[in-house]
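**Q** Sharing a structure here in structure tokens format.
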Amino acid sequence: MAMASLHPRHHPPFLLLRPQTVLFSQRLCLLSGRIGRGGLRLRASSSSPPSSSSSDATTQTAESCVNFGLSLFSKGRVREALTQFETALSLDPNPVEAQAAFYNKACCHAYRGEGKKAADCLRTALREYNLKFGTILNDPDLASFRAMPEFKELQEEAILGGEDIGYSFRRDLKLISEVQAPFRGVRRFFYVAFAAAAGISTFFTVPRLVRSLQGGDGAPDLWETAGNAAINIAGIIVLVALFIWDNKKEEEQLAQISRDETLSRLPLCLSTSRIVELVQLRDTARPVILAGSKETVDRALEKAERFRTELLRRGVLLIPVIWGSDKRKPVEKKGFGGPVTASTSLPSVGEDFEKRTQSITAKSRLKAEVRFRGEVVSPTEWERWIIEQQKAEGVNPREDVYIILRLDGRVRRSGRGMPDWQQIVKELPPMEALLSKLER
């Protein structure tokens, strides 16, 4: 759950509790929130303690209730925190306070395993209070919610956009899509222009065709007129089909970008026991995801050991995912106001480019920690993403597959079964090679 500071020109934040004190804010100032695993962070400028025993109902405000709820949640008192957020919503909150209350209420429901209630709160915050969908993707307190089917439904709604969910996430996806396919808009313009020209020509050709069929003096040649009409009609059909095909490809690309964004937020434990997100490994490693039964994955890992030196030269990081595995690495619960330890890397959906690229020092430390193999954290999230990717590629869910990622975090290629390590060594250039630098 997010702690944020308020500054009117940047992302609407979530109300903040300072974890190192017992003071709570009376006035919030909006800061440019940087979305990381902890979402937007808020800080308070001046404070006064809202005590549950001394605070009178007449002096309660939406702000104080949200702050007190954050404090309760950080202590593990989720049910009481939920009550505070509900109280805040009943006290005529301003838009920022309402957004904070709905969002943090959703985090409480997610913690309690109440996926539908969490989705309803987030949907309201997205629709009415301009919540950025990127915040939902980034917040570790919503990790359990992202593994629920309700999140999948919410994400699909956000990709489509609309009055019920808001257009911000779809707009961000389309911006990335335009960068990846810069000439799509030009093609569509020509489709529409040529189709319109063919339509106008058909409009004038049809009367001529009628006259030629009637015959008589001065009637146009029938075969010539019919040929012109056929060419125009065929052109309209082809151009409309191309326009529809281009739209379908754009929707597929938006879905892939959304999956790439989800993939970048999946947590991973390195050999040094440090937990990072895949986004932090961009430019540093080429993750290779091995998904399958334990026996199949273990055999693939044994074969990979024979090529360990060459694979390491190419930045390969093996990530085994065992289907149906209940093995979970413990992750310390930070609460709403816990410090964010994950450093940021490249720009992502809903995030500021300049702020996301200021992590050179953190990356240099991370390179020293990346080894040959990592362990997944939150296996359910990993399995859900892989199954979505399998469906998109026409592969049966839970079939043994491998997925090789590029240095920039996008999917390079995938296939059924386990990879041929000798072929991968031939295919991937060493990290110091020019091709690897171009891939970043």
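**Q** Using a 1.4 Å probe, what is the accessible area per residue for region 85-146, in Å²? Let's see the in-between values first.
**A** Values: 2060 Å² over 62 residues.
I get 33 Å² per residue for this part.
**Q** How much of the accessible area of region 171-270, probe 1.4 Å, is carbon plus sulfur, in whole percent? Before the final figure, lay out each step's value.
**A** Numbers: 4200 of 5910 Å².
In region 171-270, the share of accessible area belonging to carbon and sulfur is 71 percent.
**Q** For region 242-256, take each phi angle, set θ = phi - 60°, evaluate the Karplus expression 6.51 cos²θ - 1.76 cosθ + 1.60, and give the result in whole Hz per residue in order, putting x for glycine and proline.
**A** After applying 6.51 cos²θ - 1.76 cosθ + 1.60, I find 5, 5, 5, 4, 5, 5, 5, 5, 5, 5, 5, 5, 4, 5, 5 Hz.
**Q** Calculate, for region 173-277, the solvent-accessible area per residue in square angstrom, rolling a 1.4 angstrom probe over the heavy atoms of the protein chains. Before the final figure, lay out each step's value.
**A** On the way: 6100 Å² over 105 residues.
Per-residue accessible area for region 173-277 comes out at 58 Å².
**Q** Return the sequence-ordered ³J(HN,Hα) values of region 118-127 in whole Hz as given by the Karplus equation 6.51 cos²θ - 1.76 cosθ + 1.60 applied to θ = phi - 60°, using x for Gly and Pro.
**A** Each residue of region 118-127 in turn: 4, 5, 5, 5, 5, 4, 5, 5, 5, 6 Hz.
**Q** Sticking with this one: Distance check, please: which entries in K174/K248; K132/K152; K117/K152; K152/K294; K105/K132; K391/K426 exceed 23 angstrom between their Cα atoms?
**A** Working: K174/K248 13 Å; K132/K152 16 Å; K117/K152 14 Å; K152/K294 27 Å; K105/K132 16 Å; K391/K426 29 Å.
In this structure, K152/K294; K391/K426 lie more than 23 Å apart at Cα.
**Q** List the GluC sites (Glu not before Pro) in region 120-227 that DSSP assigns to loop (not H, G, I, E or B) and whose Cβ has at most 12 other Cβ atoms within 10 Å. Which are they? Numbers along the way, then the final one.
**A** On the way: sites: E128, E150, E153, E156, E157, E163, E178, E224; in loops: E163.
Answer in residue order: E163.
**Q** I've got another one for you. Around G415, what is the net charge, scoring Lys/Arg as +1 and Asp/Glu as -1 over all other residues with Cβ under 13 Å from its Cβ?
**A** On the way: positive: R412, R413, R416; negative: E393, E399, D400, D420, E427.
Neighbour charge sum, excluding G415 itself: -2.
**Q** To continue, here is another question. With point charges of +1 on the Cβ of Lys and Arg and -1 on the Cβ of Asp and Glu, referenced to the Cα centre of region 55-167, which listed residue (A147, H109, L131) lies farthest in the positive direction of the dipole?
**A** The one lying farthest along the dipole's positive direction is A147.
**Q** Separate question: Place a +1 charge on the Cβ of each Lys and Arg in region 276-320 and a -1 charge on the Cβ of each Asp and Glu, then give the dipole magnitude about the Cα centre in debye, rounded to the nearest 20. Intermediate values should be presented prior to the final figure.
**A** Details: 9 positive and 7 negative charges, 35 e Å.
Once rounded to the nearest 20, the dipole reads 160 debye.
**Q** Still on this structure, please answer the following. Let me know the charge dipole size of region 73-122 about its Cα centre in debye, to the nearest 20, where only the beta-carbon of Lys, Arg (+1) and Asp, Glu (-1) is charged.
**A** Values: 7 positive and 6 negative charges, 61 e Å.
Using Cβ point charges on Lys, Arg, Asp and Glu, region 73-122 gives about 300 debye.
**Q** Go through region 58-110 and name the GluC sites (Glu not before Pro) that are in a DSSP coil and have 14 or fewer other Cβ atoms within 10 Å of their Cβ.
**A** Values: sites: E63, E80, E86, E97; in loops: none.
Counting only loop positions with at most 14 other Cβ atoms within 10 Å, none of the GluC sites (Glu not before Pro) in region 58-110 qualifies.
The values are calculated or read from the model by the stated rules, or taken from the named source; none is laboratory data. For clarity, every value in this text was computed on a predicted model and none was experimentally measured. When we count neighbours, we look across all protein chains shown, and the Cβ atoms used for this are built from the backbone with ideal geometry, even at glycine. We work out accessible area using only protein heavy atoms, side chains counted, and drop any ligands, DNA or RNA first. Shrake-Rupley method; radii C 1.70, N 1.55, O 1.52, S 1.80 Å.
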